[in-house]
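The values are calculated or read from the model by the stated rules, or taken from the named source; none is laboratory data. The structure presented is a predicted model; accordingly, all values stated were derived computationally and were not measured. No Cβ is skipped: glycine too gets one built from the backbone with ideal geometry, and neighbour counts run over all protein chains shown.
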Amino acid sequence: MTSIGLFYLVLVAALYAFFYRRSAERTVQSLRTAGKALQTMAPLFVGIFGLIGLFEVFVPPQLIERWLGATSGFTSLLIGGAIGAVALGPPAAAFPLAGSFLQAGAWPPAVATFIVCWVSVGVVSLPVEAHVFGWRFALARNSITFVVALLIGLIVGSLA
Amino acid sequence: MSGLFSTLWSWLRKQGLLMMTALLYLWAFAVDPQRARLALAAGGHTLLSVAVLILAVMGLVGLVQVWTNRDAIAGLLGKGSGVRALLLAALCGTLVIGPPYLIFPLLMSIRRQGARWAVIGAVLGAYAVKLPMIPLEIGFLGWRFSVIRSLLTILFSIPIGLMVEWVMERGEKMRLLQKP
C-alpha cells in the first residue's frame with residue numbers, strides 16, 4: 001500500500017503546486033489546515049491501528065464470521081449497521097476497521113452497511129442533532145438512513 | 001484545581017479511543033504478553049504501511065477545506081428547490097468535511113434561509129461519502145467495493161432527503177390541524 005500512498009502523495013503535491021500559482025497565501029493556509037488535521041487525527045490513528053492489531057491477534061475469525069459473516073445473513077447486516085451507528089469516530093477510522101473485518105471473513109454487505117452507518121447514523125450525536133433540528137427530524141433522518149444503509153449494503157454485496 | 005481537572009477531562013474525552021486502546025493493551029500484556037506484542041507489531045505494521053497514504057489524504061483535506069467556501073455552498077443550496085438543488089445537495093455533502101457539531105448548525109442556517117428539508121437531508125445522506133478520502137477507502141477495501149459503495153450512497157441520499165422531508169411536512173400539517 002506504500003506505493004499507492006506515494007502515488008497519491010505525488011498527486012497531492014502536484015495539486016499544491018497548481019494551487020500555489022493561483023494563490024500562495026491560501027495554499028500555505030491549506031498546508032497549515034492539513035497539518036492541524038493530521039495533528040488532531042494522529043492520536044486517533046494510533047488508537048485505531050492499535051485496536052486493529054489487538055483485533056487481528058485476539059479476536060478469532062470464527063467470532064467475526066459468526067457475527068458478521070455471510071451465513072448469518074440479515075442478522076450480520078443488522079449487527080454491522082448497529083456497530084457503525086453506535087461507534088464514535090471520524091470517517092477516516094472506519095475504513096481500516098472495515099478492512100480488517102473483511103479480512104477476518106465478514107460479509108461485504110455487512111461491512112458496507114457498517115461504513116455508511118458509521119458516518120451517517122449517529123446514536124451518540126442524536127441529542128446534538130435534535131437540539132439543532134428538532135427531535136422529529138433527528139429521529140426520522142437517522143432511522144431512514146439506517147434502513148437505506150442496509151439496502152446499500154445488500155446492493156454493494158451483489159455488485160462488488 | 002477544577003480548571004486542571006476540566007482540561008484533563010476534555011483531553012481524555014477527545015482521546016477516548018486512544019485511552020481505550022491503551023487500557024486494552026494493559027489488559028492484553030497482563031493476560032498474554034506474547035500475543036500482546038504480536039498485536040502491537042501487527043498494528044504498527046499496518047499503520048506504517050498506510051502512513052504515506054494518510055499524509056496524502058490529509059493534504060487533500062486541507063486543500064478542500066480552504067478552497068471550498070462553506071458559506072458559499074450554503075448560499076448556493078438555499079436558493080434552488082428543484083431536482084438540480086437536490087443533486088447539488090448530494091454533491092456538496094461529499095465535499096463537506098467537518099464534525100457534526102459544525103455541520104448541523106450550518107445546515108440549519110441554510111434551512112432558515114429557505115432551503116427545503118429534502119436538501120438538508122440529502123446533504124447529510126451524502127455526508128457518508130468523503131470525496132477527498134476515497135483513496136484511503138480504496139486502499140483498505142479495494143476500488144470496486146469503494147466506488148460502488150460511494151456511488152450508491154450519493155444516489156440514495158436524494159430519496160433519504162425526500163423521505164425526511166415527507167415526515168417533516170406531515171408533522172407540520174398535523175400541528176396546523178391541532179391548532180384551533
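Testing residue B:177 on (1) among the hydrophobic types (A, V, I, L, M, F, W, C); (2) touching a helix residue (DSSP H, G or I) at 6+ places or on another chain (Cβ under 7 Å); (3) part of a helix (DSSP H, G or I); (4) more than 7 Å from chain A (Cβ to nearest Cβ), one condition comes back false. Which one is that?
(2) is the only condition that residue B:177 fails.
Please find, among A:69, A:81, A:47, the residue that is within 25 Å of residue A:127 (Cβ to Cβ) and more than 9 Å from chain B (Cβ to nearest Cβ).
The conditions single out A:81.
Step by step: first the residues of the stretch A:130-160, then only those that are more than 7 Å from chain B (Cβ to nearest Cβ) and over 20 Å from residue B:148 (Cβ atoms), then the one that is surrounded by the fewest Cβ atoms within 10 Å (Cβ to Cβ). Which residue is that?
By that ranking, first place goes to A:135.
I'd like to check which helices (runs of 4 or more DSSP H) are fully inside the stretch A:12-90 and have at least 3 residues that are touching a Ser or Thr at 6+ places or on another chain (Cβ under 6 Å), of a type outside the set (Val, Ile, Thr) and on the phi < 0 side of the Ramachandran plot.
It comes to A:24-58, A:74-86.
For the stretch A:129-148, how many residues meet the condition of being within 22 Å of the chain's Cα centre (by Cα), of a type outside the set (A, V, I, L, M, F, W, C) and under 10 Å from residue B:104 (Cβ atoms)?
1
Is it true that residue B:144 is modelled with pLDDT of 90 or more, within 17 Å of the chain's Cα centre (by Cα) and within 7 Å of chain A (Cβ to nearest Cβ)?
Here the answer is no, as residue B:144 does not meet what is asked.
Consider the stretch A:60-92. How many of its residues are surrounded by fewer than 22 Cβ atoms within 10 Å (Cβ to Cβ) and under 26 Å from residue A:39 (Cα atoms)?
7
Between B:138, B:154, which is part of a helix (DSSP H, G or I), more than 7 Å from every other protein chain (Cβ to nearest Cβ), closer than 24 Å to residue B:56 by Cβ and free of Cβ contacts under 8 Å to residues at least 24 places away in the same chain?
From the options B:138, B:154, the qualifying one is B:138.
Give the residues of the stretch A:32-50 that are more than 15 Å from the chain's Cα centre (by Cα) and not hydroxyl-bearing (Ser, Thr, Tyr), sorted by residue number.
The answer is A:32, A:34, A:35, A:36, A:37, A:38, A:39, A:42, A:43, A:46, A:50.
Answer yes or no: is there a residue in the stretch B:89-102 that is within 26 Å of residue B:50 (Cβ to Cβ), at pLDDT 85 or above and either more than 10 Å from chain A (Cβ to nearest Cβ) or in a loop (DSSP other than H, G, I, E, B) (or both).
Yes, some residue in the stretch B:89-102 is within 26 Å of residue B:50 (Cβ to Cβ), at pLDDT 85 or above and either more than 10 Å from chain A (Cβ to nearest Cβ) or in a loop (DSSP other than H, G, I, E, B) (or both).
Looking at the structure I just gave you, is residue A:32 surrounded by fewer than 13 Cβ atoms within 10 Å (Cβ to Cβ) and either of a type in the set (Phe, Trp, Tyr) or at pLDDT 90 or above (or both)?
Considered against the rule, which asks whether it is surrounded by fewer than 13 Cβ atoms within 10 Å (Cβ to Cβ) and either of a type in the set (Phe, Trp, Tyr) or at pLDDT 90 or above (or both), residue A:32 comes out as yes.
For the stretch A:104-127, check the following and say yes or no: at least one residue is surrounded by fewer than 17 Cβ atoms within 10 Å (Cβ to Cβ), over 18 Å from the mean Cα position of the chain (by Cα) and either within 9 Å of another protein chain (Cβ to nearest Cβ) or among the acidic types (Asp, Glu) (or both).
No; the residues of the stretch A:104-127 include none that is surrounded by fewer than 17 Cβ atoms within 10 Å (Cβ to Cβ), over 18 Å from the mean Cα position of the chain (by Cα) and either within 9 Å of another protein chain (Cβ to nearest Cβ) or among the acidic types (Asp, Glu) (or both).
Got a sec? Which of B:83, B:123, B:31 is surrounded by fewer than 19 Cβ atoms within 10 Å (Cβ to Cβ), more than 7 Å from every other protein chain (Cβ to nearest Cβ), under 30 Å from residue A:101 (Cα atoms) and not acidic (Asp, Glu)?
B:31
Looking only at the stretch B:61-74, decide whether some residue is acidic (Asp, Glu) and modelled with pLDDT under 85.
yes
Given the options B:159, B:132, name the one that is under 11 Å from residue B:90 (Cα atoms) and either of a type outside the set (A, V, I, L, M, F, W, C) or surrounded by 21 or more Cβ atoms within 10 Å (Cβ to Cβ) (or both).
B:159
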